[in-house]
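**Q** Take a look at this one; I'll ask things after.
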Amino acid sequence: MEAVHHHWMEETFLLAEEALKLGEVPVGCAFVYKDQIIATGKNEVNETKNACRHAEIVAIDKVLNWCDERGDKSEDVFRESALYVTVEPCIMCAGALRQIGVSLVVYGCKNDRFGGCGSIISVHQAELPTLGQSFHCIGGVMTDRAVQLLKDFYKGENPNCPESKRKIKSE
Amino acid sequence: MLNGTNMLNNATDVHTNANNSSHKIIKGDLADKNESEPFLQPVLDDVYLRPVETVNVFVCTLKNKKDTAVVLRKFSEDFPLENLSHLKRIKSSKTKDAPLQIIVCSLEVADGEAFKNLDIGEESVLSKPYCVSVPRYPPLTRQQYLEAIQYWPVSFHEDKHIASLLSGNYFTKEETCRFKRHMMMAVEYAKHAKALSKEPIGAVIVDPSTDMVIAKSHDDRHGNHPLHHAVMICIDLMARSQGGGMWKFGKECDLYSVPCMQSSKGDNDSSLPYLCTGYDLFVTREPCVMCAMALVHSRIQRVFYGSSSKDGALGTKLKLHVQSGLNHRYQVFKGLLEKECDKLFENNSNQT
């Protein structure tokens, strides 16, 4: 099982690295359905000037399109899909993932800032029936690589943030 | 010498001299005052709203007033109150022959060695120690203060901002009128959605510095996209107004955002708005956890909503806007045009 997770996680890291090159927070993800990747996503917040454009939301849009083209019901596809993502989904994305009804999420490192699958709150398991089914999480797959990517990013600055809001670095 | 064993035997003798009647009077008073004009309720962090929690401490009765200074100095040195620094050390008592009560220390400290070695000179100066319930936390609001002093005297530094929020007079009449006008627009959008058999929820983003509407939307989650909640759409239309945006919306959707506010100086122009910084959101129903977090990411300044929702994340199930650990917080007010907003869900079977 572990090897399977690594296989799909490898793919998500390629997307995260792409995001880093574009000056976005390096997070990548992939929806795996019936043993194949049907949609991928990387962070596109700066590109779209929408702070909600996280990798997971991008990929959800793509799955919906994929289902639309094939005439499949998206609920059925999401239910049988697993999401692989380099970083623990944030609170918003965890909420989104419950609403689309995904059953399994596999992630790399914890998200200390915004994590919605245990780090800040546990949206994935919380008693929120109107949000949809809770989902299962497997964390800590290839953690070091995910952490290193984030470290590389936070060494730089968010180019979209106005001058006045940038943190003055003490180093 | 104080006898440690005796103290522990007395530990179950908890004095509960507080009553909640003052609590009720204050509440009733507030309700009466606002019956004519229902005011916008601030959704505050639970620390401002919780009833007074108590913790047990050891207290002695001081038999003679003239010993106060000596005992006080001794106790302050040997048993600093540390986490209980909001407590006054001494409480005046009405009993004639026992004029003063003094806190010795908390129960945890009493277990330590230092307590056993306590020597305050003549034994007759103090009564045998006994256990008393005192407020665990410093009071943050006047209501908590009034409740706290039923147990034990405490110091209170009123937070003027919080007090103003709780007073019901935080906003001027003019401001309230403006808010109602914006919420009315959100209600109109919600009605439009209802007419299209969509979830009857509307949202409007406003720049309060100019009173300009930046974006408005209604819910469309049962259409082609389960994440098209009114708030998510509104945020994306805001992004579109800044030359971005992530979703394409059909022309048949009666959605709206202001024209692009792009600068000739390019994206680094600091006069350009940054996400929802400084903006207000008006939404007919309390946002879910996804939308509430989207608003954190978007740096919204204030959120006003009408109706509460079952799993709402801004007051009902969670208070995400004041969640510790997150890098942005915003103010939330509920109950704006509540009746109109509640009415939107009448005869609606799929209320979520």
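The values are calculated or read from the model by the stated rules, or taken from the named source; none is laboratory data. The shown structure was predicted, so the numbers you read here are calculated from the model rather than taken from an experiment. Glycine gets a Cβ as well: all are built from the backbone with ideal geometry, and neighbour counts include every protein chain shown. Remember, those area values only see protein heavy atoms, side chains included, never the ligands or the DNA or RNA. Shrake-Rupley method; radii C 1.70, N 1.55, O 1.52, S 1.80 Å.
**Q** Consider only pairs whose beta carbons are under 6 Å apart and that are at least six residues apart or on different chains; among these, list those whose first residue lies in segment B:129-149 and is without any contact (Cβ under 8 Å) to a residue 24 or more places away in the chain and whose second residue is open to solvent by less than 60 Å² (accessible area, probe 1.4 Å) and of a type in the set (A, V, I, L, M, F, W, C).
**A** From segment B:129-149, the pairs are B:Y145/B:F156.
**Q** Is it true that some residue in segment B:292-299 is more than 18 Å from B:E199 (Cα to Cα), among the hydroxyl-bearing types (S, T, Y) and modelled with pLDDT under 95?
**A** For segment B:292-299, residues more than 18 Å from B:E199 (Cα to Cα), among the hydroxyl-bearing types (S, T, Y) and modelled with pLDDT under 95: absent.
**Q** Here is a follow-up. What about A:V85, is it part of a strand (DSSP E or B) and either modelled with pLDDT under 95 or more than 11 Å from chain B (Cβ to nearest Cβ) (or both)?
**A** yes
**Q** Checking the structure you have, find out if any residue of segment B:205-225 is away from every other protein chain (no Cβ under 14 Å) and more than 30 Å from A:N46 (Cα to Cα).
**A** Within segment B:205-225, none of the residues are away from every other protein chain (no Cβ under 14 Å) and more than 30 Å from A:N46 (Cα to Cα).
Residues are listed down the side, and each one gets a yes or a no for (1) within 13 Å of chain A (Cβ to nearest Cβ); (2) touching a residue at least 12 places away in the same chain (Cβ under 8 Å); (3) not polar (S, T, N, Q):
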site	(1), (2), (3)
B:A294	yes, yes, yes
B:R299	yes, yes, yes
B:V303	no, yes, yes
B:S324	yes, no, no
B:Y330	no, yes, yes
B:K343	no, no, yes
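**Q** A follow-up question, please. Here are A:G101, A:G132: which of them is open to solvent by 10 Å² or more (accessible area, probe 1.4 Å), out of contact with any Cys (no Cβ under 7 Å at 6 or more places or on another chain), farther than 25 Å from A:V45 by Cα and facing chain B (nearest Cβ under 9 Å)?
**A** Of the residues listed, the single one that is open to solvent by 10 Å² or more (accessible area, probe 1.4 Å), out of contact with any Cys (no Cβ under 7 Å at 6 or more places or on another chain), farther than 25 Å from A:V45 by Cα and facing chain B (nearest Cβ under 9 Å) is A:G132.
**Q** Which of the residues spanning segment B:271-284 are touching a helix residue (DSSP H, G or I) at 6+ places or on another chain (Cβ under 9 Å) and either at the interface with another protein chain (Cβ under 9 Å from one of its Cβ atoms) or open to solvent by less than 20 Å² (accessible area, probe 1.4 Å) (or both)?
**A** Passing the criteria: B:Y274, B:L275, B:C276, B:T277, B:Y279, B:D280, B:L281, B:F282, B:V283, B:T284.
**Q** Okay, next question. Determine, yes or no, whether A:C93 is at pLDDT 95 or above, within 12 Å of another protein chain (Cβ to nearest Cβ) and not in a helix (DSSP H, G or I).
**A** When the stated conditions are applied, A:C93 does not pass them.
**Q** What residue, among those in segment A:135-158 that are of a type in the set (A, V, I, L, M) and open to solvent by 20 Å² or more (accessible area, probe 1.4 Å), is farthest from the other protein chains (Cβ to nearest Cβ)?
**A** The extreme case among them is A:M142.
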